[in-house]
Structures are given as C-alpha cells and as structure tokens.
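Every read-out reported here was derived from the displayed coordinates using simple, explicitly stated rules and does not represent laboratory data. Note that the structure is a prediction, hence the values are computed from the model and not measured. Cβ sites come from the backbone with ideal geometry, for glycine too, and all protein chains shown count toward neighbours.
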Amino acid sequence: MADFLAVNNLGKEYEGRRALHKVSFGLQQGDFLSLFGPNGAGKSTLLRIISTLTSAGSGKVEIKGFDLAEEPEAFKMQLGVISHQSLLYGHMTARENLIFYGSLYKVDDPEQRAEELLRIVELYPRRHSRVSRFSRGMCQRLSIARALVNDPSLLLLDEPFSGLDQYASAILTEQLGELRSRARTVIMVTHSLDRGLAAATRVGILAGGRLVYLEERDTIDPSAFEGLYMEYVHGARAA
C-alpha cells in the first residue's frame with residue numbers, strides 16, 4: 001500500500017548549519033505521529049517544510065500523490081496547521097476570518113462551515129466581534145477552528161497545547177479524537193511525553209536533524225522510552 005504521506009531524504013541547512021539530514025518516513029491514512037526531540041533538533045523545520053512555509057534543501061515530500069515541490073497548491077489544500085502563530089486577522093471578525101480561510105481552501109459553503117466551527121469552539125455568540133478584541137484564550141480557540149476549516153487530511157501541530165488555557169485544551173483534545181475517528185492523519189511535535197504517547201499510533205524522535213527513532217506506539221514501554229528520550233535531551237546519546 002502506498003503511503004498517504006511520504007517524506008524521502010529530506011534535508012535543510014541554514015547558513016551552513018544542518019537543520020535536517022536525510023529524514024525519511026511514511027504515514028498511512030489515520031496515523032498519528034507524535035514527534036519528540038531536544039530543542040534545536042529540527043522538529044519545527046520539518047513541520048515548516050511539510051506545511052509549505054519553507055522549502056527543503058533536498059529530498060521530497062508527497063501527500064496522496066501530490067508532490068510538494070511540483071504541486072504546492074494541491075498539496076496545501078490537504079493541510080491544517082496549528083502553531084505558535086494564530087494566523088488570524090485582527091481587523092476581521094471571527095466569522096469573517098473563518099469565511100476567508102474557507103474561501104481560500106475552496107470549501108463548498110464557507111459561511112456554513114464558519115458557523116459550524118464557531119459553535120464547536122463555543123465562539124458563536126462572539127462571531128461578529130473583531131478578533132483584535134478577543135482574549136488570548138478566545139484567539140486560541142479560533143485558531144483551532146481556522147486549522148480545521150478545510151477538514152484537513154493532514155493536521156500539523158507544533159506544540160499545540162503550549163500556552164493553551166484549560167478550555168481551549170479540552171476543545172483541542174476533543175477535536176483530535178474526532179479527527180482520529182475519521183481517519184485523518186496527524187503529526188504532532190511536542191515535549192509532553194504524556195500527551196504525545198496517549199494520542200499516538202506512531203512515535204518518533206528527532207535529534208541533530210536526524211530521525212533517530214520511529215516505532216509503533218503499541219510496541220513501546222513508556223518508561224523505557226522516557227529514558228531514551230532524556231538521553232537525547234541531555235546529550236548523553238548522539239544523533
């Protein structure tokens with residue numbers, strides 16, 4: 001069976017510094033990959049390449065047969081991204097933001113999708129309020145809705161729970177469960193072993209720009225994995 005997402009020999013350098021080196025892996029539809037690693041390991045760089053925010057120096061990424069380099073727009077239509085940036089427009093209302101992104105992703109009925117998501121993240125009563133007037137927690141919840149507006153085949157999460165309030169965390173956890181029930185594919189970069197292992201079907205470690213570990217979650221002993229992970233974090237084990 002062909003991989004839903006195929007990453008082949010991905011490499012990236014910044015000013016002579018190696019950020020990624022020959023990273024390869026494949027995911028099937030419905031896989032949830034939790035990716036761990038020390039700071040500076042290349043995790044965010046990997047997500048930025050897959051999310052089309054930066055180009056690879058070498059290698060290839062394909063999703064459902066669409067080549068990122070050759071068909072970036074078709075590739076991008078499959079994606080949803082939650083990162084440290086909200087990617088929201090403060091001068092627009094909550095509803096306008098979601099309609100804008102829905103139109104950008106060619107959602108069949110962006111108005112209806114916006115209303116549906118605003119109810120899911122419990123912002124419907126504030127749908128006509130400008131985002132610039134939202135609290136941080138409200139912006140976080142709207143960012144979750146923005147990432148889901150196109151019902152993405154692949155959701156990329158860069159430390160998604162970092163800074164989330166309890167309310168937004170509960171909504172995100174619920175939506176991740178919903179995505180898994182509908183066989184959507186997820187890559188989550190996280191430092192939280194508990195959250196990462198609880199959600200994952202596959203688990204990986206990036207260190208020194210290399211994918212040094214990739215296993216099925218069901219085969220992993222959490223205590224042994226924690227010890228291995230901490231060796232990379234503290235530099236006791238080389239990449």
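Structural remarks
- Compactness index (Cα Rg / 2.2 N^0.38 Å), the range 75-135: 1.10
- When Met188, Met230 are arranged by Cβ crowding within 10 Å, least crowded first, meaning fewest neighbours, the order is Met230, Met188.
- Beta bridges from DSSP with both residues in the range 89-239: antiparallel share about 60 percent, rounded to the nearest 5.
- Among the GluC sites (Glu not before Pro) in the range 119-211, those located in a DSSP loop and surrounded by at most 14 other Cβ atoms within 10 Å of their own Cβ are Glu122.
- Neighbourhood net charge (12 Å Cβ-Cβ; Lys/Arg +1, Asp/Glu -1) for His91: +1
- Here is the size of the range 103-239 from its Cα atoms: Rg then Dmax, 17.7, 53 Å.
- Cβ-based exposure ranking for Lys60, Lys12, Lys43, Lys106, in which fewest neighbours within 10 Å come first: Lys106, Lys60, Lys12, Lys43
- Cα-only Debye scattering, the range 44-168: base-10 log of I(q)/I(0) at q = 0.12, 0.14, 0.16 Å⁻¹: -0.46, -0.62, -0.78
- In order along the range 101-113, the phi-based Karplus estimate (6.51 cos²θ - 1.76 cosθ + 1.60, θ = phi - 60°) of 3J(HN,Hα) comes to 5, x, 5, 4, 8, 6, 5, 4, 9, x, 5, 5, 4 Hz; Gly and Pro are listed as x.
- Here the mean projected area of the convex hull built on the C-alpha positions of the range 20-85 is 5.0 nm².
- Net charge over other residues, Cβ less than 12 angstrom from the Cβ of Gly204 (K, R count +1; D, E count -1): +1
- Extent along principal axes [Cα atoms of the chain; Å; largest to smallest]: 52, 39, 38
- Cβ-based exposure ranking for Ser24, Ser143, in which fewest neighbours within 10 Å come first: Ser24, Ser143
- The chain - percent relative contact order, Cα under 8 Å, separation 6 or more: 27 percent
- Springs between Cα atoms under 10 Å define the GNM used for the chain, and in it the highest mean-square fluctuation of Glu159, Glu71, Glu62 occurs at Glu71.
- Across Arg119, Arg17, Arg48, mean-square fluctuation computed from a Gaussian network of the chain (C-alpha pairs under 10 Å connected) peaks at Arg17.
- Computed [θ] at 222 nm, deg cm²/dmol, the chain (DSSP H ≥ 4; -39,500 (n - 2.57); rounded to nearest 500): -10500 deg cm²/dmol
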